Amino acid sequence: MPLSPQQQHWQRFYQDFGFIRLPGLFAAESDWISQEFERIYLEKGITHDGTKRTGCGYLVESSARLCSLVANPRLDAVLTAILGEDYNYLGSAGELYVGDGMWHPDGVYRELPFAKLGMYLDPLTPATGSLRVIPGSHLQGWEGNLDTRALWGIAEDEVPCASFDNRPGDVTIFNLNTLHNSLKGGYRRRVIFMGFAAHARTPAQVEFLKARLPEKLYSELFLANASPELMTHLRQPLELRGQMPAN
């Protein structure tokens with residue numbers, strides 16, 4: 001299906017700048033998303049003492065309500081624009097962040113486009129830990145954590161970047177090669193991440209994707225709640241792992 005004019009703009013912006021900002025994408029759902037986040041951490045017995053980052057794998061896959069976000073038509077329209085209509089969903093995590101980070105990409109993925117959705121659940125500003133990204137940095141091949149003093153003679157918070165005020169329900173999707181960071185934050189910044197990739201078409205892309213898939217992809221709860229439309233975005237990873245559920 002041809003892309004709409006809005007999708008074409010999303011596609012070009014993402015290609016050129018390595019991220020796309022979607023204010024209010026899940027604003028209507030933000031209250032219950034936060035409630036589910038807290039419930040899952042509590043039920044899994046994950047404690048956070050504010051001294052270090054605390055993660056929770058498979059967070060979305062642990063809640064039938066959160067599972068519905070992956071197949072949300074508003075999100076699907078954006079992902080179709082930037083990754084293609086048969087993109088792959090790779091999984092999720094929840095995080096409680098603490099303090100400052102370092103400028104870094106999440107990898108160097110040249111063989112196949114990968115994208116990460118970040119949704120912070122608290123009101124934030126650049127001065128209190130909202131996400132910062134460096135537009136266009138996904139094209140430059142950066143690797144690992146960057147020492148900004150050694151590279152450019154400036155502090156982490158002096159690096160030119162795009163930064164935003166965040167409200168619950170806002171979403172940012174960024175290329176995994178894009179440099180990003182959050183600074184000056186408190187000790188309990190809640191965020192949900194989801195991972196996506198374009199459909200692997202060549203043998204080299206298939207092997208590249210397979211090597212980066214977790215052994216266990218999705219929970220039984222997630223698969224039980226997967227609509228036929230959502231299964232379109234799960235089938236290739238499941239087939240590569242030999243985990244396709246019986247019909």
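Bear in mind that the values in this text are calculations on the coordinates, not laboratory data. Model, not experiment: these values are computed from the prediction. Glycine gets a Cβ as well: all are built from the backbone with ideal geometry, and neighbour counts include every protein chain shown.
For region 53-98, what are Rg and Dmax over the alpha carbons, in angstrom?
Spelled out, the Cα radius of gyration and Dmax of region 53-98 are 12.5, 36 Å.
Using a 7 Å offset from the Cα along the Cα-to-Cβ direction at both A27 and S219, what is the distance between the two label points in nm, to one decimal?
2.9 nm
At a 10 angstrom cut-off on C-beta neighbours, averaged per residue, how do the peptides 84-91, 104-111 rank from highest to lowest?
Numbers: 84-91: 19.5, 104-111: 15.6.
Per-residue Cβ counts within 10 Å, averaged per peptide and sorted highest first, yield 84-91, 104-111.
What is the set of long-range amide H partners of G24 at a cut-off below 5 Å, with H atoms built 1.01 Å from backbone N?
Hits under the 5 Å cutoff: D170, V171.
Whole-Hz ³J(HN,Hα) for each residue in region 87-92, computed from phi via Karplus 6.51 cos²θ - 1.76 cosθ + 1.60 with θ = phi - 60°, x for glycine and proline: what do you get?
4, 9, 8, 10, x, 8
Sorted from largest down, give the three principal axis spans of the alpha carbons of the chain, whole angstrom values.
That gives 57, 40, 35 Å along the principal axes, largest extent first.
Starting from the 7 Å offset along Cα-to-Cβ, what nm value, one decimal, do you get for the label separation of D165 and R201?
Label at D165, label at R201, 4.2 nm between them.
How big is region 1-93 along each principal axis, measuring the range of its Cα positions in Å and listing the largest first?
Projected onto its principal axes, the Cα set of region 1-93 covers 46, 28, 24 Å.
What is the ratio of the Cα radius of gyration of region 71-198 to 2.2 N^0.38 Å, where N is its residue count, to two decimals?
1.06
Suppose the chain between R53 and A155 were pulled fully straight at 0.36 nm per residue; how much longer would it get relative to their current alpha carbon spacing?
34.5 nm
Between the alpha-carbon centers of region 158-178 and region 188-247, tell me the distance in whole angstrom.
Cα centres, region 158-178 to region 188-247: 25 Å.
Where is the GNM fluctuation largest for the chain (alpha-carbon springs, 10 angstrom cutoff): R190, R201, R74?
R201
What does the highest-first list of 43-50, 237-244 look like by mean Cβ count within 10 Å?
The packing order, highest mean first, is 237-244, 43-50.
What Kirkwood hydrodynamic radius, in Å, does region 71-145 give when the mean of 1/r is taken over all pairs of distinct Cα atoms and then inverted?
Result for region 71-145 stands at 14.9 Å.
Nothing charged except the Cβ atoms of Lys and Arg (+1) and of Asp and Glu (-1): what's the magnitude of the dipole of the chain about its Cα centre? Round to the nearest 20 debye.
Rounded to the nearest 20 debye, it is 100 debye.
Using modelled amide H (1.01 Å from N, peptide plane; none on Pro or chain starts), what sits under 5 Å from the amide H of N166, excluding residues fewer than 5 places away?
Amide H neighbours of N166, under 5 Å, 5+ apart: L124, T125.
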